[in-house]
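Asker: First the structure, which I've put down as structure tokens, then a few questions once you've had a look.
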Amino acid sequence: MEALITNHVIKRYAQHVALQDVSITVPEKSIYGLLGPNGAGKTTLIRIINQIINADEGDIRINGELLAPRHIGSIGYLPEERGLYKKLKVGEQLIYLAQLRGLSRHDALNKIKHWIEKFEIRDWWNKKIEDLSKGMAQKIQFISTVLHEPKLIILDEPFSGFDPVNANLIRDEILELRQKGSTIIFSTHRMETVEELCDHIAMINKSKKILEGPKKEVKSRFKSNTFAVEHRGDFSLSSADFQIVSNRHTDDGYIETVIKSLNGKNGNELIQQLVPLTEIHGFRERIPSMNDIFIQLVNGASDE
Amino acid sequence: MNKIWLVVQREFLNRVQKKSFLIATILIPLIFPAIMAALIYLAKEQQKNASQEVIHFVDESGLINESDFKKFALRKFDGPIEDAKRAFSESGDFGLLYVPNIKLSDPTGISLYTKVNPSPSDVSDLESAIESRIREEKMSHFNIDQKILDSLKTNISIQSINLSASGQEKSTDTKVLFGIGMAGGILIYIFIFVYGAQIMQGVIEEKTSKVVEVIISAVRPFQLMLGKILGLASVGLLQFLIWIILISTVSSLVMGYFGLDMPQKEMMEQVANANEYNGNFINIITTLSELPVFYIVASFLFYFLGGYLLYGALFAAVGSAVDSPAEAQQFMFPITIPMLISYFALFTFILDNPHGPISIWLSIIPFTSPIAMMGRIGFGVPTWQLIVSMVSLIGGFMFTTWVASRIYRIGILMHGTKVNYKVLAKWFVMKV
């Protein structure tokens with residue numbers, strides 16, 4: 001079952017097209033990374049899923065049902081532009097936001113209790129947001145996003161603006177929420193978090209989806225069949241199957257040579273060729289990082 | 001619907017739980033009378049304690065009698081006016097009054113020389129003192145006794161009676177109706193501005209604290225806007241209710257206190273002296289008691305709410321379009337103008353001529369009707385006009401709410417955009 005499907009979504013503004021035929025499929029219980037440079041259309045797509053704005057064309061399905069106002073209660077949303085009522089006390093604030101998502105006051109109270117125990121913030125209850133530190137307010141903001149136990153949690157740039165302690169806390173919570181059965185979509189342009197958390201990704205650039213799939217698949221799709229070999233002693237390789245791309249001296253006295261495989265030969269075959277030539281200390285296939293892929297795609301697109 | 005209710009509740013509690021609400025609600029009805037009392041007291045004291053200003057005078061007519069002038073101390077100067085002017089300019093005194101040898105039939109040429117401009121009341125005091133002196137002179141000239149003159153003087157007050165179609169008579173005191181119209185109009189004017197500004201401020205706060213995106217992912221922008229407007233309306237109604245209760249309790253307490261405290265004799269004297277006044281007073285009381293109180297209160301509440309809703313939506317739209325209250329100034333103009341027009345119209349001609357064509361039109365056009373109709377309501381408004389006015393006010397606030405919500409839904413998500421009327425128009429037609 002898919003937690004979310006967007007089907008050929010188009011959103012036009014007077015001056016430009018914000019989303020051009022964007023279809024994504026978010027599997028249930030996945031952590032789905034929505035990547036793309038600033039202004040690519042991520043936030044527009046997220047706002048459409050949150051029913052803040054409407055798509056001009058295309059439809060959106062949540063667990064197979066067409067998106068409707070009743071889904072508000074099963075979505076948790078942390079926008080990029082976030083904030084809380086400054087003058088409102090923490091407790092009242094959390095209750096109000098939960099009530100707007102359809103929880104009764106009683107249910108909201110019970111669920112808040114769980115979170116304030118968990119984050120050990122019991123004595124904040126009667127404090128106004130303006131009296132809290134920024135980090136404290138961020139915790140409250142996160143609680144308000146997940147308080148109503150949404151099946152689908154959408155976080156727009158969750159790690160920007162959060163201090164490292166809270167960012168870690170949120171990372172742990174994201175993993176735990178997934179464990180409990182929630183699906184998490186987050187948009188980011190910080191590739192290290194994608195690397196660490198996501199199991200699925202989609203990339204949006206210039207209002208189009210340019211890439212989508214499980215992270216592993218995407219990475220192997222972008223494999224360039226290159227290997228990095230750490231060795232001692234120079235060698236030259238004269239082979240039709242392998243080609244030296246670069247080499248450099250490492251800090252610990254080895255040489256790292258990058259070799260590209262040309263005719264679909266695998267690592268074992270390369271090692272066989274190398275063994276007589278040099279003393280191998282390290283060997284690994286170079287898998288592209290999400291960062292490499294991201295930059296390659298975005299730059300490639302702008303080169304067109 | 002449920003969500004609008006949640007927003008209404010939240011807005012209501014936010015305001016009512018503030019200390020400032022409690023303070024304002026309790027103190028304003030006490031502070032205003034207190035300030036007024038203090039001012040009156042100070043003015044009285046000032047009058048009592050003020051040392052009399054000295055006026056020199058040169059009298060060639062023999063008309064001036066020092067004891068006629070209560071406000072000023074007059075000092076006679078014997079000699080020609082030129083010398084008097086010189087002497088006056090060297091003194092530190094207030095003025096120099098010159099009365100040439102005038103004819104009683106043509107008393108011209110009286111002048112007052114001063115170093116600073118005299119106030120109109122000073123001049124008219126002097127004028128009336130001389131006028132009454134001339135009048136006495138004329139009377140003795142014509143051999144008329146003061147007693148005869150007094151007996152000629154009559155004081156009449158016309159009792160205005162409404163004759164209804166069924167032949168029922170109802171006496172009214174137009175001053176009371178005037179007062180009701182004025183008070184109603186002013187209250188609505190103040191309420192719309194004070195609470196309208198609060199709506200706007202609330203919207204700007206939501207925008208700048210950036211909580212708004214979280215909220216509108218859970219409620220429609222329209223629901224949020226309407227909830228805010230209605231929530232503040234309920235705060236306003238509560239505040240009014242408390243004021244009415246407070247003012248009536250305080251004033252009845254005060255009246256009771258003075259009524260009991262006044263010595264019997266003095267009271268009897270006052271009653272005897274105030275026969276004429278008493279007639280008026282009875283008239284006022286009967287007018288008040290015969291006024292259709294329910295009708296007036298109900299229409300006040302209607303126009304109060306209607307006007308507030310009509311303008312409240314516009315205030316919300318302005319708040320949504322800007323990032324700070326200072327920026328909001330540029331959009332306040334079109335909101336303020338119709339309010340000001342109806343406010344000034346209230347004083348200049350609606351209350352004087354409540355059944356004139358302009359008064360009628362202003363009381364029907366929804367942007368001016370809340371204030372204008374309150375000015376007319378006491379004088380009796382034909383039912384059809386009232387219905388047309390109410391229907392167009394309802395239509396009016398539905399219209400402004402619709403217009404405002406189209407700007408609001410876009411505006412609240414826009415940060416740091418330079419907004420002018422063209423941009424607002426673009427937002428208005430924009431799809432979401």
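Asker: If one computes the Cα centroid of region A:52-112 and of region B:68-132, what distance in Å separates the two points?
Answerer: Going from one Cα centre to the other spans 81 Å.
Asker: GluC sites (Glu not before Pro), restricted to region A:87-139: which are DSSP loop and have at most 10 other Cβ atoms within 10 Å? Intermediate values should be presented prior to the final figure.
Answerer: On the way: sites: A:Glu92, A:Glu117, A:Glu120, A:Glu130; in loops: A:Glu120.
Counting only loop positions with at most 10 other Cβ atoms within 10 Å, the GluC sites (Glu not before Pro) in region A:87-139 are A:Glu120.
Asker: Which length gain, in nm to one decimal place, applies between B:Leu27 and B:Ser140 when the Cα-Cα distance is subtracted from 0.36 nm times their residue separation?
Answerer: Numbers: separation 113, 0.36 × 113 = 40.68 nm, distance 5.87 nm.
In short, 34.8 nm is gained.
Asker: Shifting gears a bit: With the crude spin-label approximation of a point 7 Å out along Cα→Cβ, what separation in nm comes out for A:Leu109 versus B:Met398?
Answerer: 4.1 nm
Asker: Shifting gears a bit: For the Cα atoms of chain A, what angle does the longest principal axis make with the long axis of helix A:290-303, in degrees from 0 to 90, nearest 10?
Answerer: That helix lies at roughly 90 degrees to the long axis.
Asker: Between the helical axis of B:120-142 and the dominant principal axis of chain B, each derived from Cα atoms, what acute angle in degrees is found, rounded to the nearest 10?
Answerer: Helix B:120-142 and the main axis of chain B meet at about 40 degrees.
Asker: Can you flag which of A:Lys134/A:Lys208; A:Lys11/A:Lys111; A:Lys209/B:Lys431; A:Lys151/A:Lys208; A:Lys42/A:Lys219 are past 29 Å Cα-Cα?
Answerer: Numbers: A:Lys134/A:Lys208 35 Å; A:Lys11/A:Lys111 37 Å; A:Lys209/B:Lys431 23 Å; A:Lys151/A:Lys208 27 Å; A:Lys42/A:Lys219 21 Å.
Going by Cα-Cα distance, A:Lys134/A:Lys208; A:Lys11/A:Lys111 fall outside the 29 Å limit.
Asker: For region A:56-115, list log₁₀ I(q)/I(0) at each q in 0.20 Å⁻¹, using the Debye formula over Cα point scatterers of equal strength and ignoring solvent, two decimals each.
Answerer: At q = 0.20 Å⁻¹ the computed log10 ratios are -0.89.
Asker: Using only the alpha carbon atoms of region A:1-104, find the Kirkwood hydrodynamic radius as the inverse mean reciprocal pair distance, in angstroms to one decimal. Walk me through the numbers on the way to the answer.
Answerer: On the way: mean 1/r = 0.0652 Å⁻¹.
Averaging 1/r across every pair of different Cα atoms and inverting gives 15.3 Å.
Asker: What Kirkwood Rh does region A:225-286 have if only Cα atoms enter the pairwise 1/r average? Answer in Å.
Answerer: Values: mean 1/r = 0.0871 Å⁻¹.
One decimal place: 11.5 Å for the Kirkwood radius.
Asker: Hey, with R₀ at 25 Å, roughly what FRET efficiency would B:Leu187 and B:Lys19 work out to, going by the Cβ-Cβ distance, to 0.05? Walk me through the numbers on the way to the answer.
Answerer: Details: r = 24 Å, r/R0 = 0.97.
After rounding, the FRET efficiency stands at 0.55.
Asker: I've got another one for you. Rounded to the nearest 0.05, what FRET efficiency is calculated for B:Gln201 and A:Asp292 with R0 set to 45 Å and r the Cβ-Cβ distance? Don't skip to the end; give the middle numbers.
Answerer: Details: r = 50 Å, r/R0 = 1.10.
Computed FRET efficiency for B:Gln201 and A:Asp292 comes out at 0.35.
Asker: Between region A:235-304 and region B:4-38, how many Å separate their Cα centres?
Answerer: So the separation of the two Cα centres works out to 75 Å.
Asker: Suppose every K and R has +1 on its Cβ and every D and E has -1 on its Cβ; what is the size of the dipole of the protein assembly as shown about the Cα centre, in Debye to the nearest 20? Present the calculation step by step, with values, prior to reporting the outcome.
Answerer: Working: 74 positive and 75 negative charges, 428 e Å.
Result for the protein assembly as shown is approximately 2060 debye, rounded to the nearest 20.
Asker: Under the rule a/c < 1.5 gives rounded, and otherwise a/b versus b/c splits prolate from oblate, where does chain A land using the Cα gyration tensor? Don't skip to the answer; put the middle values down first.
Answerer: Numbers: a/c = 2.79, a/b = 1.85, b/c = 1.51.
Judged from the Cα gyration tensor, chain A comes out prolate (a/c at least 1.5, a/b above b/c).
Asker: For a test of understanding, tell me how many lysine pairs in region B:51-151 have Cα atoms under 23 Å apart, given they are 8 or more places apart or on different chains.
Answerer: 10
Asker: How tilted is helix B:383-411 with respect to the longest principal axis of chain B? Cα atoms for both, answer in degrees (0 to 90, nearest 10).
Answerer: 60 degrees
Asker: Viscosity 0.890 mPa s, temperature 25 °C: Stokes-Einstein D of the protein assembly as shown from its Kirkwood Cα radius, in µm² per second?
Answerer: Numbers: Rh = 33.9 Å.
My calculation gives 72 µm²/s for D.
Asker: How long are the semi-axes of the equivalent ellipsoid of chain B, defined as square roots of 5 times the Cα gyration tensor eigenvalues? Whole Å, largest first. Numbers along the way, then the final one.
Answerer: Values: eigenvalues 632, 175, 104 Å².
Computed over chain B, the values are 56, 30, 23 Å.
Asker: Here is a follow-up. Using just the helices of chain A, give the 222 nm mean residue ellipticity in deg cm²/dmol: DSSP H runs with n ≥ 4 each add -39,500 (n - 2.57), and the total is spread over all residues, rounded to 500. Display every interim value, and only then the final one.
Answerer: On the way: 9 runs with 98 residues, N = 304.
Helix-only estimate at 222 nm: -9500 deg cm²/dmol.
Asker: Place a label point 7 angstrom from the Cα of A:Lys87 along the Cα-to-Cβ direction, then list the residues of region B:181-208 whose backbone nitrogen is under 20 Å away.
Answerer: Under cut-off, by backbone N: B:191-208.
Asker: Given region B:51-151, report the % of alpha carbon pairs whose separation exceeds 21 Å.
Answerer: Details: 1834 of 5050 pairs.
The share of Cα pairs beyond 21 Å in region B:51-151 comes to 36 percent.
Asker: Select from A:Val9, B:Ile371, A:Leu155 the residue farthest towards the positive end of the dipole of the protein assembly as shown; place +1 on Cβ of Lys and Arg, -1 on Cβ of Asp and Glu, and compute about the Cα centre.
Answerer: Looking along the dipole axis, the top candidate is A:Val9.
Each reported figure results from applying straightforward, stated rules to the coordinates on display, with no laboratory input. Keep in mind the model is a prediction, meaning the values are calculated, not measured. Cβ atoms come from the backbone with ideal geometry, glycine included; neighbour counts cover every protein chain shown.
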